[in-house]
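Q: Quick one: structure below, then a few questions.
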Amino acid sequence: MRSFDFAPIYRSAIGFDRIAHLFDEALRAEQAPSYPPYNIELVTEDEYRITMAVAGFNRAELDLEVANEVLKVSGRKQRGDKRPTYLHNGIAARDFEHSFRLADHVRVVGASLENGLLNIELKREVPEALKPRKIIIGNEPTVQLLQQAA
């Protein structure tokens, strides 16, 4: 595995340290967990869906939490007093935890559990103040009126 030094980015780019830190974390992270399998789907330009195959888990055993722009999905199997005796145990039902880093202005708008699939709906909602806006080019008297009002 190649290692990259992000020190030049930290030294020369002000305000981009978060992006460099994300790259740094990604390179240092161990292999991503593969259980349970999941898809990340782009539904529209500003809508996303995470679908996780959580067969064997019910709603009470699943937990979704968003904190500091990180969505954490975890499953904790409730263990009863009486455990079944399996002749073949092919359905994995082990505890899991996945973390997804959310981009700015992306929020979770809903979640549903259907046919063993957990669907998490996400939407990007950019505030009006941050959206591009058109500047109208006015004539000289308009500028003078604005200066007089100030």
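The values are calculated or read from the model by the stated rules, or taken from the named source; none is laboratory data. Note that this is a predicted model, so its numbers are computed, not measured. Positions of Cβ are generated from backbone atoms using ideal geometry, with glycine treated the same way; all protein chains shown enter the neighbour counts.
Q: How many residues does the range 56-77 contain that are surrounded by fewer than 12 Cβ atoms within 10 Å (Cβ to Cβ) and either farther than 14 Å from Ile120 by Cβ or outside the structural domain of Leu118 (by TED's automatic domain parsing) (or both)?
A: Qualifying residue count, the range 56-77: 4.
Q: Here is a further query. Applying the selection to the range 68-111, what residues are small (Gly, Ala, Ser) and within 23 Å of Ser34 (Cβ to Cβ)? If you could, list the steps in order and put the result at the bottom.
A: Looking only at the range 68-111, we keep the residues that are small (Gly, Ala, Ser), and these are 74-75, 80, 90, 92-93, 99, 103, 110-111.
Result: Ser74, Gly75, Gly90, Ala92, Ala93, Ser99, Ala111.
Q: For the subset of the range 64-95 comprising residues that are acidic (Asp, Glu) and in a loop (DSSP other than H, G, I, E, B), which member is modelled with the lowest pLDDT? Give the steps one after another, and end with the answer.
A: Here is the first cut: in the range 64-95, the ones acidic (Asp, Glu) are 65, 69, 81, 95.
After this cut, where a residue has to be in a loop (DSSP other than H, G, I, E, B) as well, the list is 69, 81, 95.
Details: Glu69: 87, Asp81: 68, Asp95: 89.
The selected residue is Asp81.
Q: For the range 18-28, check the following and say yes or no: at least one residue is modelled with pLDDT of 65 or more and part of a strand (DSSP E or B).
A: No, every residue in the range 18-28 fails to be modelled with pLDDT of 65 or more and part of a strand (DSSP E or B).
Q: Among the candidates Glu61, Glu47, single out the residue that is modelled with pLDDT of 90 or more and within 30 Å of Ala129 (Cβ to Cβ). Walk me through how you get there before you give the answer.
A: Numbers: Glu61 fails: within 30 Å of Ala129 (Cβ to Cβ).
Answer to the selection: Glu47.
Q: Can you tell me which residue is farthest from Ala55 (Cα to Cα) among those in the range 94-116 that are surrounded by 11 or more Cβ atoms within 10 Å (Cβ to Cβ) and among the acidic types (Asp, Glu)?
A: Filtering the range 94-116 down to residues surrounded by 11 or more Cβ atoms within 10 Å (Cβ to Cβ) leaves 95-102, 105-109, 111, 113, 116.
Then drop every residue that is not among the acidic types (Asp, Glu), which leaves 95, 97.
Numbers: Asp95: 12, Glu97: 15 Å.
Only one residue fits best here, namely Glu97.
Q: Sticking with this one: Among Ala93, Ala103, Ala111, which is the only one that is within 15 Å of Ile40 (Cβ to Cβ) and without any contact (Cβ under 8 Å) to a residue 40 or more places away in the chain? Reasoning before the result, please.
A: Details: Ala93 fails: within 15 Å of Ile40 (Cβ to Cβ); Ala111 fails: without any contact (Cβ under 8 Å) to a residue 40 or more places away in the chain.
Just one listed residue meets the conditions, Ala103.
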